[in-house]
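Notes for the one structure printed next.
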Amino acid sequence: FVLALSRRLDEIRLDGIVETVPTFRSLMVHYDPLVIPAAALVARIVELMEGLRIVEHGGREWRLPVCYDAELAPDLGDVAARTGLTPSQVVERHCAVSYHVYMLGFMPGLAYMGDVPAELMLARRETPRLRIPAGSLGIGMAMSCIFPGESPCGLHLIGRSPVALWRQAN
């Protein structure tokens, strides 16, 4: 719904809207209050939401290799135990989904991808790790993320990708 509303606002080019920034569950609307007052903007957005049709739009498909070896997946066994699945079943279910990138955030190149299969949805770890290696694949709640750089992380690490997801421009 968030992406559909963002697309709709971009299409109609309402005077005063500077930019829309979709996230996983919300839409930030940057606007110029000298062009359109907040109350008028809210009323127009509410109006657009009432008749909004959600249409799937294709995008680029990326296939990223992931190694689910226990040495690179410190939480795979725990995820399997908590979900009542074997580690192989966790991997099969995680790989069986085409993920949608809902937003980029937290750090450059970090894509919040969803939705993980329902049987793999777990709360974040009680104690986040202070540092995980680049390429770590984590799951938590409905999201799956491959971390582009060394980072703190509260997700369950179930694999690692060798693909560099972010390169600093020179």
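Residue count for the range 82-94, restricted to those that are assigned to a helix (DSSP H, G or I) and either β-branched (Val, Ile, Thr) or surrounded by 13 or more Cβ atoms within 10 Å (Cβ to Cβ) (or both): 9. Inside the range 152-170, residues that are touching a Leu at 6+ places or on another chain (Cβ under 8 Å) and either in a strand (DSSP E or B) or free of Cβ contacts under 8 Å to residues at least 40 places away in the same chain (or both) make up a count of 6.
Restricted to the range 95-116, and to residues that are within 19 Å of LEU157 (Cβ to Cβ) and assigned to a strand (DSSP E or B), which residue is most open to solvent (accessible area, probe 1.4 Å)? The qualifying residue most open to solvent (accessible area, probe 1.4 Å) is TYR112. Summed over the range 22-51, the residues that are under 27 Å from ILE158 (Cβ atoms) and touching a Gly at 6+ places or on another chain (Cβ under 9 Å) give a count of 2. Looking at the range 40-47, can you tell me whether even one residue there is touching a Leu at 6+ places or on another chain (Cβ under 7 Å) and either at pLDDT 90 or above or not basic (Lys, Arg) (or both)? Yes: the range 40-47 contains one or more residues that are touching a Leu at 6+ places or on another chain (Cβ under 7 Å) and either at pLDDT 90 or above or not basic (Lys, Arg) (or both).
The condition (being under 19 Å from the mean Cα position of the chain (by Cα) and at pLDDT below 90) is satisfied by just one residue among GLU56, GLU50: GLU56. Which residues, taken from the range 52-78, are out of contact with any Gly (no Cβ under 9 Å at 6 or more places or on another chain), in contact (Cβ under 8 Å) with a residue 40 or more places away in the chain and part of a helix (DSSP H, G or I)? Scanning the range 52-78 gives a single hit, ASP78. Can you tell me which residue in the range 123-152 is most open to solvent (accessible area, probe 1.4 Å), limited to those that are of a type in the set (D, E, K, R) and under 20 Å from ALA70 (Cα atoms)? The residue in question is ARG131.
Annotation note: of LEU155, LEU72, LEU76, LEU120, the sole residue that is crowded, with 17+ Cβ neighbours inside 10 Å and in contact with a Pro (Cβ under 7 Å, 6 or more places away or on another chain) is LEU76.
Considering (1) within 22 Å of LEU120 (Cα to Cα); (2) in a helix (DSSP H, G or I); (3) touching a residue at least 12 places away in the same chain (Cβ under 8 Å), the lone condition that MET49 does not fulfil carries the number (1). Checking each residue in the range 18-66 for being closer than 21 Å to ALA142 by Cβ and either open to solvent by less than 80 Å² (accessible area, probe 1.4 Å) or hydrophobic (A, V, I, L, M, F, W, C) (or both) picks out VAL21, PRO22, THR23, PHE24, SER26, LEU27, MET28, ILE54, GLY59, TRP62, LEU64, VAL66.
The values are calculated or read from the model by the stated rules, or taken from the named source; none is laboratory data. Since we're looking at a predicted model, the values are computed, not measured. No Cβ is skipped: glycine too gets one built from the backbone with ideal geometry, and neighbour counts run over all protein chains shown. We work out accessible area using only protein heavy atoms, side chains counted, and drop any ligands, DNA or RNA first. Shrake-Rupley method; radii C 1.70, N 1.55, O 1.52, S 1.80 Å.
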